[in-house]
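For reference, the structure discussed in these notes is given below.
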Amino acid sequence: MPDYQAPLRDLRFVMDELFDYPAHYANLPGGDDASPDVVNAVLEEGARFARDVLLPLNRQGDEQGCQLKDGDVTAPEGFKEAYRLYVENGWPSLAADTEHGGQGLPHSLAMVLSEMICSSNLAWGMYPGLSQGAADALRHHGTDEQKATYLTKLVEGVWTGTMCLTEPHCGTDLGLIKTRAVPDADGGYDISGTKIFISAGEHDLAENIVHLVLAKLPDAPAGSKGISLFVVPKYLPDSEGNPGQRNGVSCGSLEHKMGIHGNATCVMNFDTAKGYLVGAPNKGLACMFTMMNAARIGVGIQGLGLAEAGFQNSLAYARDRLQMRALSGAKAADKPADPIIVHPDVRRMLLTQKAFAEGGRMLVLYVGQLVDVVEKSTDAAAREHAESLLGLLTPIVKAFLTEAGFEATNEGVQVFGGHGFIREWGMEQLVRDSRITLLYEGTTGIQALDLLGRKVLMDQGETLKMFTKEIHKFCQAEDGSPSMAEFVRPLAKLNKEWGELTMAVGMKAMSDREEVGAASVDYLKYSGYVTLAYLFARAASQAKAALDAGSSETAFYQAKINTARFYFERLLPRTRTHQQNIQAGGESLMAISADDFGLGFEI
């Protein structure tokens, strides 16, 4: 069974040294509550909960899966008890507003906890995972009565939440949904329709489940402009706010999936279920985006968490597994063979995992500060700046980190060799679990279109310029340091090229909009590699400063520099392929007609 230790030293490096989280928290309204002692306690207790409570349930959750009987879903053995402990320890309320019963701590701190949960037991983590997004949607768009009825219960954790978007005939194109909401005599709505792929749609962990459902009113405009959002509880609250009568919502079936077997992915049937409008009529998509954006960052953290889990276990195995001798001569002369960590190709795989985990962590915690500013800052200009950068980086977090997580877990199987293909080692589960992260909450292709089409080209690259200007200032500040030249020079060149590529795609798109789709995925990956290069360069600069100051942690800081060097020399050159693909345009993609994709003969 895989092991896991929360990477507390690396988390503290990124939070305290790289991004100065203590000062960041101190500058937030109410940030005094996130004192170093409190932050340290959250890290330590979160690490303990992940390792001691969640990790032991991961394999059995995968093997047992969920069971559906008479409309009720039972989670794997131990999941319900773990959730009870999670609620008792106050984890659901960590970053929620105090006015709704939360602890009021920064959202970035909850994101750190989320990484630990994803590394130790992704399937379990999905049960409470969407509740925060549901709570955010109600906090921003719900009525006072809805907040009092549902939000406080979601914050407490005794109720969980879902988002019900996808239907059998449509996924991303939500304008095609068929679920209908008909006004009733009591001021509510009768919701009827079927939703699929609903994570944690039915389970026995919490006493009630709050579904946020997209549906159309009888007089709704066609397409996405006619979507409304409704809150539809599993049990209708009684006069005291407790679960009362069963609502007309049920689980029709469980999906049989490649991975995340411990989480119930449900087909949900709404049969004139009682629902209540959230926000304005026909404005449901805007309300749901509050939840979707939080979920997209959450899925990016899943990619990070699985990359870390894959790396830790690959490293432990590579240190112990004996096979062959090093080409330069025996490294473990007292043993019949050398541990495989001495072999260059094994090191390549390990360092790829390490770089994606550490780079992903830096990106998540960089974005975490933006989330904190957007949610808590009283400085309107600072909020606007952070919100723009957050919009730009969210599709990169979601898509690039999940692509990286999938690559890292696959490399983990390869490090284990034949043993990686065997279930008992747990590496193949990481691969199966990670594969879904590239799909739900918007595939890599959808995120790429969002990044290039909406976040970059729609404002003529102004938001991108905000970020590239930040990178440019960093490169200028480090330009006089000879020891940083290996990082700063290629970063500065790519940063300039990023803008040039954007302009070139934009010019092509003026005459052919298909050019955006043709370039988008390569553009997103290019953007992801450059973004991580910026963060690795900052990490290398910080590590060099610590060594120059005489730190006793020589090995730790030197490893930071070496990992950054590996990233720049071995992973960052992938931007060359993406650049060429972007410049190639869409002609070769679109030249073949749909009818010409055949094999030339009947099957």
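Quick one: would you say residue 160 is outside any strand (DSSP E or B) and of a type in the set (S, T, N, Q)?
Numbers: outside any strand (DSSP E or B): no; of a type in the set (S, T, N, Q): yes.
For residue 160, the condition - outside any strand (DSSP E or B) and of a type in the set (S, T, N, Q) - is not met.
Outside the structural domain of residue 118 (by TED's automatic domain parsing) and outside any helix (DSSP H, G or I): which single residue out of 292, 268 fits that description?
Values: 292 fails: outside any helix (DSSP H, G or I).
On inspection, the qualifying residue turns out to be 268.
I'd like to verify a number: residues in region 408-422 that are without any contact (Cβ under 8 Å) to a residue 60 or more places away in the chain and either touching a helix residue (DSSP H, G or I) at 6+ places or on another chain (Cβ under 7 Å) or among the aliphatic types (A, V, I, L, M) (or both), how many?
5
In this structure, does residue 115 turn out to be in contact with a Lys or Arg (Cβ under 8 Å, 6 or more places away or on another chain), in contact (Cβ under 8 Å) with a residue 12 or more places away in the chain and either surrounded by fewer than 17 Cβ atoms within 10 Å (Cβ to Cβ) or under 30 Å from residue 23 (Cβ atoms) (or both)? Walk me through it before giving the result.
Details: in contact with a Lys or Arg (Cβ under 8 Å, 6 or more places away or on another chain): yes; in contact (Cβ under 8 Å) with a residue 12 or more places away in the chain: yes; either surrounded by fewer than 17 Cβ atoms within 10 Å (Cβ to Cβ) or under 30 Å from residue 23 (Cβ atoms) (or both): yes.
So residue 115 passes the test.
From the list 228, 224, which residue is outside the structural domain of residue 77 (by TED's automatic domain parsing), within 26 Å of the chain's Cα centre (by Cα) and modelled with pLDDT under 95? Can you show your working first?
Numbers: 228 fails: modelled with pLDDT under 95.
The unique qualifying residue is 224.
Considering only region 22-43, I want to know if a residue exists there that is farther than 23 Å from residue 373 by Cβ and surrounded by 13 or more Cβ atoms within 10 Å (Cβ to Cβ).
No, because not a single residue in region 22-43 is farther than 23 Å from residue 373 by Cβ and surrounded by 13 or more Cβ atoms within 10 Å (Cβ to Cβ).
Scan the strands (runs of 3 or more DSSP E) fully inside region 172-234 and keep the ones with 1 or more residues being of a type in the set (S, T, N, Q).
Working: elements: 180-183, 189-199, 208-215, 228-233.
Counting at least 1 such residues, we get 189-199, 208-215, 228-233.
Given the conditions (1) touching a Gly at 6+ places or on another chain (Cβ under 8 Å); (2) surrounded by fewer than 20 Cβ atoms within 10 Å (Cβ to Cβ), which single one is not true for residue 230?
For residue 230, the exception is condition (2).
Pull out all pairs, ordered by first then second residue, where Cβ-Cβ is under 9 Å, the residues are six or more apart or on different chains, the first lies in region 503-529 and is in a helix (DSSP H, G or I), and the second is at pLDDT 95 or above and among the basic types (Lys, Arg).
Once the first residue is in a helix (DSSP H, G or I) and sits in region 503-529, its partners that are at pLDDT 95 or above and among the basic types (Lys, Arg) give 515/508; 516/508; 518/508; 519/508; 525/574; 526/574; 529/574.
Return the only residue of 143, 162 being crowded, with 24+ Cβ neighbours inside 10 Å and among the polar types (S, T, N, Q). Break it down stepwise before answering.
Values: 143 fails: crowded, with 24+ Cβ neighbours inside 10 Å.
162 is the lone residue from the list that is crowded, with 24+ Cβ neighbours inside 10 Å and among the polar types (S, T, N, Q).
What tally of residues in region 354-390 results from selecting those that are surrounded by fewer than 21 Cβ atoms within 10 Å (Cβ to Cβ), over 26 Å from residue 567 (Cβ atoms) and touching a residue at least 40 places away in the same chain (Cβ under 8 Å)?
Residues meeting the conditions: 6.
Given the criteria over 25 Å from residue 82 (Cα atoms), at pLDDT 95 or above and not charged (D, E, K, R), does residue 247 qualify?
Working: over 25 Å from residue 82 (Cα atoms): yes; at pLDDT 95 or above: yes; not charged (D, E, K, R): yes.
For residue 247, the condition - over 25 Å from residue 82 (Cα atoms), at pLDDT 95 or above and not charged (D, E, K, R) - is met.
Does residue 339 satisfy the condition of being touching a strand residue (DSSP E or B) at 6+ places or on another chain (Cβ under 8 Å) and not aromatic (Phe, Trp, Tyr)? Spell out how you get there, then give the answer.
Values: touching a strand residue (DSSP E or B) at 6+ places or on another chain (Cβ under 8 Å): yes; not aromatic (Phe, Trp, Tyr): yes.
Yes: the conditions hold for residue 339.
So which of 430, 439, 392, 365 ends up being more than 30 Å from residue 56 (Cβ to Cβ), of a type outside the set (Val, Ile, Thr) and modelled with pLDDT of 95 or more? Before the answer, list the steps.
Numbers: 430 fails: more than 30 Å from residue 56 (Cβ to Cβ); 439 fails: more than 30 Å from residue 56 (Cβ to Cβ); 365 fails: more than 30 Å from residue 56 (Cβ to Cβ).
Exactly one of 430, 439, 392, 365 is more than 30 Å from residue 56 (Cβ to Cβ), of a type outside the set (Val, Ile, Thr) and modelled with pLDDT of 95 or more, namely 392.
Got at least one residue in region 187-201 being modelled with pLDDT under 95, of a type outside the set (D, E, K, R) and more than 14 Å from residue 276 (Cβ to Cβ)?
no
For region 120-135, check the following and say yes or no: at least one residue is in a strand (DSSP E or B), at pLDDT 95 or above and in contact with a helix residue (DSSP H, G or I) (Cβ under 9 Å, 6 or more places away or on another chain). It would help to see each step written out before you state the result.
From region 120-135, those in a strand (DSSP E or B) are none; that's our starting set.
No, there is no match, as no residue in region 120-135 is in a strand (DSSP E or B), at pLDDT 95 or above and in contact with a helix residue (DSSP H, G or I) (Cβ under 9 Å, 6 or more places away or on another chain).
If you scan region 1-43, which residues turn out to be over 22 Å from the mean Cα position of the chain (by Cα) and closer than 19 Å to residue 305 by Cα?
Matches in region 1-43: 1 only.
Pick from 525, 465: which is of a type outside the set (A, V, I, L, M, F, W, C) and surrounded by fewer than 22 Cβ atoms within 10 Å (Cβ to Cβ)? Steps first, answer last, please.
Details: 525 fails: surrounded by fewer than 22 Cβ atoms within 10 Å (Cβ to Cβ).
Criteria check complete, one pass: 465.
Could you list, in sequence order, the residues of region 530-549 that are in a helix (DSSP H, G or I), among the aliphatic types (A, V, I, L, M) and either surrounded by fewer than 21 Cβ atoms within 10 Å (Cβ to Cβ) or free of Cβ contacts under 8 Å to residues at least 40 places away in the same chain (or both)? Don't jump to the end; show me each part of the working.
Quick first cut of region 530-549, residues in a helix (DSSP H, G or I) only: 530-548.
Imposing the further condition that a residue be among the aliphatic types (A, V, I, L, M) reduces the set to 530, 532-533, 535, 537, 539-540, 543, 545-547.
Within region 530-549, 543, 545, 546, 547 meet the criteria.
The values are calculated or read from the model by the stated rules, or taken from the named source; none is laboratory data. If you're wondering where the values come from, they're calculated on a predicted model, not measured in any experiment. Positions of Cβ are generated from backbone atoms using ideal geometry, with glycine treated the same way; all protein chains shown enter the neighbour counts.
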